[in-house]
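Below you'll find the structure, written out as structure tokens, and then a few comments.
The values are calculated or read from the model by the stated rules, or taken from the named source; none is laboratory data. A quick note: this is a predicted structure, and the numbers were derived from the prediction, not measured. Cβ atoms come from the backbone with ideal geometry, glycine included; neighbour counts cover every protein chain shown. Accessible surface areas use protein heavy atoms only, side chains included; no ligands, DNA or RNA. Shrake-Rupley method; radii C 1.70, N 1.55, O 1.52, S 1.80 Å.
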Amino acid sequence: MHEALIRSLTPSVLAVLVRRGADFAAAEDAVQDALVEAVRVWPADPPRDAKGWLVTVAWRKFLDATRSDDARRRREDRVGEEPAPGPAPAADDTLQLYFLCAHPSLTPLSAVALTLRAVGGLTTRQIAQAYLVPEATMAQRISRAKRTVSDVRLDQPGDVATVLRVLYLVFNEGYSGDVDLAAEAIRLNRQLAAAIDHPEVAGLLALMLLHHARRAARTAPDGSLVPLAEQDRGRWDTKLIAEGVGILQTALARDRLGEFQAQAAIAALHADAPTADETDWVQIVEWYDELTRLTDSPVVRLNRAVAVGEADGPRPGLAALAALDASLPRHAAVAAYLHERDGDLATAARLYAEAAQKAPNLAERDHLTRQAARINARGCR
């Protein structure tokens, strides 16, 4: 329970140190030291004001880590600013910290990576998987971003587009990865939507709500994944779906289409279908065409191949897939599905097994392994 509380307070504590003048890298180190101290001390002596305790200890750790003569003089000037005992402000600084990490001195890609690591709590491996790059490459990118901001004052917020990209990736990791961050991403997106009148902010919020509405149906009681076509749609949260559709319709009416609105439109079409067989795949392909035009993303093209396979049949779907790099994550899983629909069970079983070996998480690996076993069993009959 203490670890969950500590995790939830980390962004706010980091924001306080940055606002007080600590450079980002030093502030992050100080907060991590404070968290270690909290894990050690709190079980036996829990504080009355958890955030205030963390701010005080982190600030002291920051001051203790300042070594040079100039830094020591700055430390003496800041001693008077040390947080006084007593309740800490209840303000939520997390969204502000997202904007501060999206600093103009960083490229959008570096800002996203830094924020995901420092604020979102994702591992370097998880971030690398999201960007389809080796873990070592992402580690270098994050290190360069930390060095870049270590010499600047984080008092110039970045742009909305970078913050949206961070929230999107945090939500994706929380929705399908190892760490449950989806609800936190929705909470922050709601705050952003309340503060900024922007169609893509609304589009991302709609997308999150429409996906989150299906969450209860995504796993079986044993924890195994349930594919969209097999989900019990009675378990979908109709209130969240209605809210998401309403937000999306308002955003689309402004005629400033962006990638998050297009993705939300696809999710809305899935949510609107009473059964999987009644899904409007033709219109989904049209939205994927729009999304491809907006992003030219290989992942979008991969998903489009699935939609083409549903709308026009497995052969056109395989033709669309053939134009993509076979090393693309989940390429083998899509190829397996389309080959199975085309009746080529041997190829499908082989590709499902190959996809299982490359799966990014245990639940997906187990699902793909079961798919391979199911087809092999069919072939033995």
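Evaluate E = 1/(1 + (r/R0)^6) for ARG315 and THR123, where r is the Cβ-Cβ distance and R0 equals 35 Å; express this FRET efficiency to the nearest 0.05.
Working: r = 40 Å, r/R0 = 1.14.
Given R0 = 35 Å and the Cβ-Cβ separation, E is 0.30.
For a Förster distance of 41 Å, can you work out the FRET efficiency between the beta-carbons of ARG370 and ASP64, rounded to the nearest 0.05? All intermediate terms of the calculation are to be shown ahead of the outcome.
Numbers: r = 53 Å, r/R0 = 1.29.
Rounded to the nearest 0.05, the efficiency is 0.20.
Using r as the Cβ-Cβ distance of ALA346 and LEU132, and R0 as 45 Å, what FRET efficiency do you calculate, to the nearest 0.05? Kindly include the intermediate steps, with their values, before the conclusion.
Numbers: r = 29 Å, r/R0 = 0.65.
In this case the efficiency is close to 0.95.
Surface composition of the chain: carbon plus sulfur atoms hold 51% of the accessible area, using a 1.4 angstrom probe and ignoring ligands, DNA and RNA. In the chain, the calculated helix contribution to ellipticity at 222 nm averages -22000 deg cm²/dmol per residue, counting -39,500 (n - 2.57) for every DSSP H run with n ≥ 4. With contacts taken as Cα pairs under 8 Å at a separation of at least 6 residues, segment 205-284 carries a relative contact order of 36 percent.
Roughly what would the spin-label model give for ALA322 and ALA253, points 7 Å off Cα along C-beta, in nm? Going by the 7 Å Cα→Cβ label model, 4.6 nm. Site pair ALA220 and GLU278 shows an inter-label distance of 2.6 nm when each label is modelled 7 Å from Cα along Cα→Cβ.
Taking ALA265, ALA161, ALA58 as the candidate residues, the one with maximal mean-square fluctuation in a Gaussian network model of the chain, Cα springs under 10 Å, is ALA161.
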